[in-house]
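Everything below concerns the one structure shown next.
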Amino acid sequence: MSNVSKPRERPHPGPTTYIKVALVLGALTVIEVAAFYVPAPQGLRVAFFLLFTAVEFSIVAMFYMHLRYDRRIFAGLFLVGILVATAIIAALLALYGVIGGGGSAPLSASPIPTFEAPPATVSASLGQRVFATKGCVACHTVTGVAGATGQAGPVLDGVATRAASRRPPLTAEQYLRESIGTPTAYVVDGFPAVMPSSQGGMSDAELQSLIAFLLTLQ
């Protein structure tokens, strides 16, 4: 018979260890929620949440999926995999300008464009679809728009009326355009400065249609 010893699993911990792990995960979650309300550059914010997500997932895998008590090779393969996945995600975010793209330009850096006559494809109905498909509904509430129940940003009912006097001498249209392209230029009291610039992800027709839709919210 062979005398070569086989690797064995390490003994699993008792309930106390799992309770401590749960408390650590809870504390990390509290830190993440608190960080959401701290004004910070978008790139730094994304990197922070990406790191915390990787750490929390690793803790869950190591303890609740028992990798820490399995053979070391499995834990090593898992850690290499999650590091590679994190690096790929970070590279994609940098590629698309979510991180590493620099801060927004100040308000005085360029004149606010005037509202030109929209092409035939522009419409408030298209703007409502843009509002839903571009993720605006996740952060804003609009009565009558399906799924628009977000709480992270201000309620947009009546925004067209408020926009007309929000930042004189800007017109309502100019203010809404600024809010989409440079959301940090003016932040409504009581809300964190977390809205990313959305203008780059839209065509001119979509942008003007979105503004046309918001101008209907009297």
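Couple of notes before you dig in:
- When each of 123, 104 is tested for being at pLDDT below 70 and not hydrophobic (A, V, I, L, M, F, W, C), the lone residue that passes is 104.
- Residues located in the range 139-159, provided they are closer than 16 Å to residue 210 by Cα and not in a loop (DSSP other than H, G, I, E, B): 141, 159
- Residues of the range 190-218 that turn out to be surrounded by fewer than 17 Cβ atoms within 10 Å (Cβ to Cβ), of a type in the set (Ser, Thr, Tyr) and either part of a helix (DSSP H, G or I) or in contact (Cβ under 8 Å) with a residue 24 or more places away in the chain (or both), as a count: 2
- Each residue in the range 165-189 was checked for being surrounded by fewer than 16 Cβ atoms within 10 Å (Cβ to Cβ) and part of a helix (DSSP H, G or I), and 1 of them qualify.
The values are calculated or read from the model by the stated rules, or taken from the named source; none is laboratory data. This one's a predicted model, so the numbers in the text were calculated from it and none came from an experiment. In this analysis, Cβ positions are derived from the backbone assuming ideal geometry, glycine residues included, and neighbour counts consider all displayed protein chains.
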